[in-house]
C-alpha cells in the first residue's frame with residue numbers, strides 16, 4: 001500500500017500529519033489525518049482513537065477545531081481522522097449536503113451508483129486500521145468516537161465489532177437513523193428500499209439486541225438544533241435500558257451541535273477511552 | 001452605536017458570540033467575535049484580551065482553532081477578535097492576499113484609495129474597545145495579543161499606547177515590517193513612499209525608542225516557513241536589548257507558522273496577561 005505525506009505540523013510536542021493513499025476498499029484516493037503524541041516519537045507503541053466526523057466534514061475539521069491534541073499528548077494516544085466519504089471526480093455525488101461526497105454515513109452501499117465506491121463501513125473497520133497499524137508506531141488497541149453522522153458511525157461500528165474496540169463515545173449522534181430524515185434519505189439511497197437491511201446501521205436497534213458490550217459514552221447538547229428531529233438520543237437510552245448496555249448518556253444544558261460543544265467536552269472523550277486502553 | 005448579534009454558541013460554560021456593527025472609523029459594517037467566560041454571566045466585570053489575527057483571517061479563525069476558551073473560562077478573561085480589515089463591496093481591495101481586504105496591517109492609511117476605509121489602528125485602539133466596554137460586562141483592563149500580521153499589530157499598538165494595555169504578547173510577529181517584503185508592500189500602499197512615516201508601525205523601531213513599557217511575551221516557531229524573510233525576531237530582540245525593554249522572546253523548536261503552533265502555547269498567552277489583569 002503506497003501512502004503519501006501531505007502535511008506535517010508540530011502540535012503539543014507531537015505531530016499532526018495528513019496523508020493520502022489509494023484505498024482498495026473505496027476504489028479511489030483517500031485522505032486522512034493522524035495525530036501522533038510525543039510518546040510515539042520515543043519508540044513507544046501508542047493506542048489509537050479513531051474519530052469519525054459529521055456531514056460535510058473532511059479529515060481536517062476535528063484536528064483544527066476540537067482541541068484534542070493537548071490531552072492526547074498528555075495521555076499518549078494517537079488520533080486518526082478519516083474523511084467522511086470517498087471523494088473525487090469519478091465518485092458518485094448528490095446535490096444535497098447530506099448524501100454522496102461528505103456524507104458516506106459509514107455504510108457499505110449495495111445500490112448503484114453508490115456501490116462502486118461507498119464502502120465506508122468496511123474502510124473504517126478493516127482497511128484503515130491495517131494501514132495505520134502497519135505504517136505508524138501504534139498498537140492494535142483501538143477506541144472509536146465521532147460526531148453526529150460520525151457518532152452514528154462510531155456507535156454502529158463498535159456495536160458490530162465489540163472485539164475490535166475498547167470503548168466508544170459520541171457527541172450528538174444520529175441515534176436512530178432508520179427514523180430520522182437524514183438517515184432515511186441516506187440509507188434508502190445506499191441500501192435500497194428494503195428497510196430491513198437498514199437495521200444493521202442503526203445504533204438503537206443494535207444496542208437493544210447486543211449481547212457483547214463496549215463501554216459507551218454519549219454527550220448531547222440540549223440546545224442542539226437537530227436534537228428532536230434527527231438525533232433522538234432517547235431511543236438509544238431506551239435501547240440501553242432494555243438490554244442493560246453500559247451506556248452513559250449525558251445531556252449538556254445550553255450546548256448546540258457545533259465544534260464549540262465538542263471542544264468543551266473533548267477532554268472527557270479522551271480520558272474515557274484512556275481508562276480502557278493500555279491495559 | 002447599533003450592534004447586531006449573528007451567532008451564539010455555548011463554550012466551556014461561557015459564550016462565544018459574533019456581532020456586526022457599523023464602524024464610524026472604518027466607514028463600513030464590521031464583524032467581530034467575543035468570548036465571554038462564565039464569570040461574565042455572574043454579574044462580574046471581566047478584563048478583556050484583544051486578539052489580532054494574521055493575513056487572510058477573519059474574526060473566526062482564532063475562536064475556532066486556538067483552543068483559548070478553556071483557559072479564558074478558567075481565568076475569567078473575555079477575548080475579543082476583530083476582523084483583519086474593513087470589508088465589503090465598496091471597500092478597496094487588491095488581488096494579492098497580503099494587501100487590501102484581509103490584510104489591513106493595523107495601520108491608518110493616508111493614501112488613496114485606501115484612506116477611505118483602512119483605519120484599523122484607530123479602530124482597534126479606540127472605537128472597538130469603546131463599543132465592547134459599553135456593551136458587555138467587561139472592565140477597562142485590557143491586554144492585547146496577535147499572530148503574524150496581528151502580532152505586529154499587537155506589539156505596535158501596545159508600544160504606542162502603554163497606558164491602555166497591561167500586557168502584550170505575540171506569536172510569530174512581523175517584527176520589523178519596514179524591512180520585510182510583506183511590510184514594505186503594505187506600508188508603501190497604505191502610507192506612501194516616505195518611509196519615515198512607516199516607522200510608527202514598526203515594533204523593532206518603537207521598542208528601541210520606548211521609554212514606557214508593557215510586559216511583552218513573544219513565541220516564535222523555529223521551523224516557521226516565514227521566519228528569516230518576513231518575521232525577523234532577532235531585530236525585536238536587539239531592540240529590546242538596546243532599550244532594556246521587558247521582552248521575553250522564546251524560540252520553539254520544530255513549530256511552524258500555523259494554528260497548530262498557536263494552540264500548543266495559547267495557554268501561556270492567557271496566563272501571561274492574567275498575571276497583570278485583575279490587579
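To check you understand DSSP bridge types, tell me what percent of the beta bridges within the protein assembly as shown (both residues inside) are antiparallel, rounded to 5.
On the way: 46 of 92 bridges.
In the protein assembly as shown, DSSP labels about 50 percent of beta bridges as antiparallel.
What is the Rg over Rh value, at two decimals, for chain A, using alpha-carbon atoms and the Kirkwood definition of Rh?
Details: Rg = 17.3 Å, Rh = 18.5 Å.
When Rh is taken as the Kirkwood radius, the ratio is 0.94.
What average number of partner chain Cβ atoms lie no more than 10 Å from the Cβ of the residues making up A:6-13? Display every interim value, and only then the final one.
Details: counts 0, 3, 4, 12, 12, 9, 4, 4.
Taking all residues of A:6-13 together, the mean is 6.
Bin by bin, in steps of 10 Å, what percent of the Cα pairs in the stretch B:23-92 do you find, going until the bin that has the longest distance?
Calculated P(r), rounded to whole percents: 20, 43, 27, 10, 0.
Taking only the alpha-carbon positions of the stretch B:227-279 and ignoring solvent, what does the Debye formula give for the base-10 log of I(q)/I(0) at q = 0.21, 0.25 Å⁻¹?
-1.00, -1.10
Label-to-label distances across copies for residue B:27, with labels 7 Å out along Cα→Cβ, in nm, shortest first?
5.9
In percent, what relative contact order does the stretch B:155-279 have, based on Cα pairs under 8 Å that are 6 or more apart in sequence? Mind showing how you got there, number by number?
Numbers: 195 pairs, mean separation 38.6, N = 125.
Result for the stretch B:155-279 is 31 percent.
Calculate how many DSSP beta bridges within chain A are antiparallel, expressed in % of all such bridges and rounded to the nearest 5.
Working: 23 of 46 bridges.
Among the beta bridges of chain A, antiparallel pairing accounts for roughly 50 percent.
What does the structure give for A:217-226 when I average, per residue, the other chain Cβ atoms found within 10 Å of the residue Cβ?
Values: counts 0, 0, 0, 0, 2, 1, 3, 0, 0, 0.
Partner-chain Cβ atoms within 10 Å, mean over residues of A:217-226: 1.
Please report which chain B residue places its beta carbon nearest the axis carrying chain B onto chain A, with the distance rounded to a whole angstrom.
Spelled out as residue then distance in Å, it is B:67, 2.
Suppose R0 equals 45 Å; then what is the FRET efficiency for residue B:29 and residue B:238 from their Cβ-Cβ distance, rounded to the nearest 0.05? Provide the component values of the computation, followed by the final result.
Values: r = 41 Å, r/R0 = 0.92.
Working from the Cβ atoms, E equals 0.60.
Per residue of B:14-22, how many C-beta atoms from partner chains lie within 10 Å of its own C-beta, taken as a mean?
Per residue, the number of nearby Cβ atoms from other chains is 1 on average.
I need the shape label for the stretch A:165-222. Rule: rounded when a/c is under 1.5, else prolate if a/b > b/c, else oblate, with a, b, c from the alpha carbon gyration tensor.
The shape class here is oblate.
Which of the peptides B:17-25, B:87-95 is most tightly packed, and how do the rest follow, judged by the mean count of other Cβ atoms within 10 Å per residue? Don't skip to the answer; put the middle values down first.
Details: B:17-25: 17.6, B:87-95: 13.8.
In descending order of packing, they fall as B:17-25, B:87-95.
Measuring from a point 7 Å out along Cα→Cβ, what nm distances, shortest first, does residue A:192 have to its partners in the other copies?
7.7
Kindly provide the helix-only [θ] at 222 nm of chain A, computed as the sum of -39,500 (n - 2.57) over DSSP H runs of four or more divided by all residues, to the nearest 500 deg cm²/dmol?
Working: 8 runs with 77 residues, N = 279.
Rounded to the nearest 500, it is -8000 deg cm²/dmol.
Quick check on the stretch A:1-143: what does the Kirkwood estimate of hydrodynamic radius come out to from the alpha carbon pairs, in Å?
This gives a value of 15.4 Å.
Specify whether the C-alpha gyration tensor of the stretch B:165-279 places it in the rounded, prolate or oblate class, a ≥ b ≥ c being the square roots of the eigenvalues: rounded for a/c under 1.5, otherwise prolate if a/b is larger than b/c and oblate if not. Write out the running numbers ahead of the final one.
Details: a/c = 1.90, a/b = 1.23, b/c = 1.55.
Cα axes put the stretch B:165-279 in the oblate bin.
I'd like the distance separating the alpha-carbon centroids of the stretch A:155-205 and the stretch A:106-129, in whole Å.
13
We did not get these values from a lab; they are worked out from the coordinates using the rules stated. It should be emphasised that the depicted structure is a prediction, and the values quoted were computed from it without experimental measurement. A quick note on method: Cβ atoms are made from the backbone with ideal geometry, for glycine too, and the neighbour counts reach across all protein chains shown.
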